[in-house]
Amino acid sequence: MNTLLASYPDFPLPGILFRDLNPVFADAVAFRAIIDELAEKHRGQFDAVAGIEARGFLLAAGIGYAAQCAVLAVRKGGKLPGTVLTEEYDLEYGSARLELEVGQLPAGSRVLIVDDVLATGGTVAATARLVERAGYVTVGVGVVLELADLDGRSRVGAVPVHTIVAV
Ligand code: AMP
């Protein structure tokens, strides 16, 4: 997978080394292996998988199908209708807002959170807060690539984090 991973210095801002996983997702064997590993790691432990917009959606859809479980879309601010929960947080570059619709799952549902990259951990931590506020339980976090020097794991707390590759 390392050979498929593309890196772009100074994108989208100076000083950021952007990791592009689209070539990984575009490789059928790699994509399937990622979905299988993330689904298998927490097999039998989750009722739903929550994908974070936008690349997390690709993972959540595949895992939801493979594990035959529910799929939640955690969206960027202002895109969801009805009653939504909102969390503001800091990014490696800038700040952001994530939202989740309420009432999609029974209370106490076990949720696996997935995204492409774990950087500072703010995105996953905000998603975990949304999951808890919606009445569910975060049982794990699955990401494809962890930027280890940013120590995003420490922001996620006690929830187990599984990463396929750490750089
Ligand atoms: P963070 O909240 O800092 O852990 O950032 C994680 C989110 O931002 C993920 O949804 C990533 O897609 C994106 N992201 C942050 N830093 C990078 C990076 N260096 N390369 C690619 N995506 C990144």
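Each reported figure results from applying straightforward, stated rules to the coordinates on display, with no laboratory input. Since this is a predicted model, take the numbers as computed values, not measurements. Ideal geometry is used to build each Cβ from the backbone, glycine not excepted, and the neighbour counts take in all protein chains shown.
Take the alpha carbon atoms of segment 106-167, find their center, do the same for segment 78-104, and report the distance between the two centers in whole angstrom. The distance from the Cα centre of segment 106-167 to that of segment 78-104 comes to 15 Å. If a paramagnetic tag sat 7 Å from the Cα of residue 41 along the Cα-Cβ line, which residues of segment 95-127 would have the backbone N under 13 Å from that point? So the set is 112-119. Listed peptides 57-65, 8-16, 143-151, 100-108 appear in the order 57-65, 143-151, 100-108, 8-16 once ranked by packing, highest mean of other Cβ atoms within 10 Å at the front.
Screening the chain for whole DSSP H helices with an alpha carbon extent of at least 15 angstrom along the helix axis and a mean Kyte-Doolittle hydropathy of at least 1.0 yields 55-67. Think of it as helices only: each DSSP H run of n ≥ 4 in the chain is worth -39500 (n - 2.57), and spread over all residues that comes to -8000 deg cm²/dmol at 222 nm.
Taking 0.36 nm per residue of sequence separation and removing the Cα-Cα distance, the residue 133/residue 91 pair yields an extension gain of 13.0 nm. When the trypsin sites (Lys or Arg not before Pro) in segment 1-100 are filtered for DSSP coil states and for at most 16 other beta-carbon atoms within 10 Å of their beta-carbon, the remaining sites are 43, 79.
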